[in-house]
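Every number here is computed from the coordinates shown, using simple stated rules; none is lab data. Fair warning: this is a prediction, and the values are worked out from it, not measured in the lab. FYI the Cβ positions are ideal-geometry reconstructions off the backbone, even for glycines, and counts take in every protein chain you see.
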């Protein structure tokens, strides 16, 4: 049965573990590439030819940006400009926070729910991101950043790292992520995992788990 449709687990002293990208902060590399390439077909071709997904994941796993950019640009010299721009103008891939999700984060904090984060994120870009979104530096008791630890989701080790480092029981945790693979990996470890789609759906899922109070309609 899919993790997000299981009966909610109720456990004392539950913690909520958040993903960051496209759960709390919007991230879309195409926002930059649309400024550099002719159209969506050109973007698709570029991403496929340079192996963007695997390269970006390697950056999230700790590959230094200068090294990674230089190596990829050397392999694909005709695409060197957008490859280098992805580094120099990376901040343009982050258009802003997802306000509804940040409001949920604030509600959970006000209710005394322990909050944590696990994010696939380059350590270098994480350092760039925190000044733009200060709540990421203050909301969580611990944040596991893949680039620091050199392991990325959905590898079970990154989940165990957070659990072990903070002495958390898997069954006492709720995990929120927009990737079905990451949700499945967390569920396989016994974590109650929610697939993020919208802040409204997330709020309903947390209300169902008695972590938030349902809103009452007023006239």
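Before moving on, here are some points about what is shown:
- Restricted to Cα atoms, the stretch 110-188 shows a radius of gyration and a Dmax of 12.6, 34 angstrom.
- When the alpha carbon gyration tensor of the stretch 92-156 is reduced to an equivalent ellipsoid, the three semi-axes, largest first, read 21, 16, 10 Å.
- Calculated FRET efficiency for the pair residue 133/residue 215, C-beta based, R₀ 30 Å, to 0.05: 0.75
- Computed from Cα atoms, the angle from the helix 99-110 axis to the main principal axis of the chain rounds to 40 degrees.
- Reported value for the chain: 143 Å³ per residue, from the convex hull of its C-alpha atoms.
- Net lengthening on full extension, residue 67/residue 184 (0.36 nm per residue, minus Cα-Cα): 38.9 nm
- Rounded to the nearest 500, the 222 nm mean residue ellipticity of the chain from helices alone is -13500 deg cm²/dmol, with -39,500 (n - 2.57) taken per DSSP H run of at least 4 residues.
- Alpha-carbon geometry of the stretch 30-93: the Rg and the Dmax are 11.0, 31 Å, given in that order.
- The angle between the Cα long axis of helix 65-75 and the longest principal axis of the Cα atoms of the chain comes to about 50 degrees, rounded to the nearest 10.
- Available extension along the chain between residue 81 and residue 35 is 15.4 nm, counting 0.36 nm per residue and deducting the alpha carbon span.
- Using C-alpha pairs under 8 Å with a sequence gap of at least 6, the mean separation divided by the residue count of the stretch 1-146 gives a relative contact order of 35 percent.
- DSSP-defined beta bridges in the chain - what % are antiparallel, rounded to 5: 10 percent
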